[in-house]
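In what follows, a single structure is set out as structure tokens and then discussed.
The values are calculated or read from the model by the stated rules, or taken from the named source; none is laboratory data. The model shown is predicted, which means the values in this text are computed figures rather than measured ones. Heads up, the Cβs are rebuilt from the backbone with ideal geometry, glycines too, and the neighbour counts pull from every protein chain shown.
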Amino acid sequence: MATVDDAAFENLARELVAIGRRFYARGWVLGTSGNFSAVASRAPLRLAITASMAHKGKLETADILEIGDTGQSTPEHPGRPSAETLLHLEILKQRGAGAVLHTHSVWSTILSDIHAEAGGFTIEGYEMLKGLDGVITHERGEWVPIVGNDQDMPRLSGVVAAILNETPASHAFLIRRHGLYTWGRTLADAERHVEILEFLFEVLGRRTRSA
């Protein structure tokens, strides 16, 4: 299995470690929750991805693995990747993203439960929406789909594939009582999407509580 340039991989690993620590400090990936990936090579496809059960506030570069399009780690950066690796691969396939970030915040979990029966919810009218890629007005309605949680990852990745096909304009989806998946062309874009969406989720969640 061909691997990527060591220096390029190490750079991605350092970026993912820094994101993990920033997100942990914000309360978005407590404990071993969440997982992150970034494309290290397109042809062949290689991803830098967090290892399973890695504490995001204590990440080290050794916790970042290299995997191919089957989800298996390479000998150069071995280990057990996140259990949700198939979801990352599906998002990359459907969206052509360069990075995928998954968080487990309080507000995304609450909203994913409240709106589960509706299959999702729309966010509109907030200036912060313009932080999402391609959005140029606060008047745009951002639909956030919600899928049911499932420990069968091949089955869940199939559901995610269908949702992504049905909602080509969405920047993210939620897994019920679980958390947020979002992506971007680069790691910086994906991190910005997390920041924007987590802000909006907290606003909506606080509004719901005060209603």
Close pairs from the range 129-140: first more than 12 Å from LEU200 (Cβ to Cβ) and touching a residue at least 40 places away in the same chain (Cβ under 8 Å), partner not in a helix (DSSP H, G or I) and not hydroxyl-bearing (Ser, Thr, Tyr), Cβ under 9 Å, at least 6 apart:
ASP133/HIS171; ASP133/GLY184; ASP133/ARG185
I'd like the full set of residues that are at pLDDT 95 or above, part of a loop (DSSP other than H, G, I, E, B) and of a type in the set (S, T, N, Q), limited to the range 103-139.
SER105
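Could you tell me whether any residue of the range 175-186 is in a loop (DSSP other than H, G, I, E, B) and of a type in the set (S, T, N, Q)?
yes
So which residues in the range 6-24 are of a type in the set (A, V, I, L, M, F, W, C), in contact with a helix residue (DSSP H, G or I) (Cβ under 7 Å, 6 or more places away or on another chain) and over 20 Å from ILE67 (Cβ atoms), if there are any at all?
Selection gives PHE23 alone.
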Which residue out of THR50, THR61 is more than 17 Å from HIS88 (Cβ to Cβ) and of a type in the set (S, T, N, Q)?
THR61
Does GLU76 satisfy the condition of being modelled with pLDDT of 95 or more and among the charged types (D, E, K, R)?
no
Select from the range 47-85 the residues that are more than 17 Å from GLY184 (Cα to Cα), crowded, with 16+ Cβ neighbours inside 10 Å and hydrophobic (A, V, I, L, M, F, W, C) and list them in ascending order.
ALA51, ALA54, LEU59, ILE64, LEU65, ILE67
Would the range 187-207 turn up any residue that is surrounded by fewer than 16 Cβ atoms within 10 Å (Cβ to Cβ) and part of a loop (DSSP other than H, G, I, E, B)?
no
Inter-residue pairs, beta-carbon under 8 Å, first among the acidic types (Asp, Glu) and in the range 55-67, second assigned to a helix (DSSP H, G or I) and surrounded by 15 or more Cβ atoms within 10 Å (Cβ to Cβ), 6+ apart
GLU60/VAL17; ASP63/VAL17; GLU66/PHE9
Specify which of the listed residues (SER108, SER82, SER112, SER52) is touching a helix residue (DSSP H, G or I) at 6+ places or on another chain (Cβ under 6 Å) and in contact (Cβ under 8 Å) with a residue 24 or more places away in the chain.
SER108
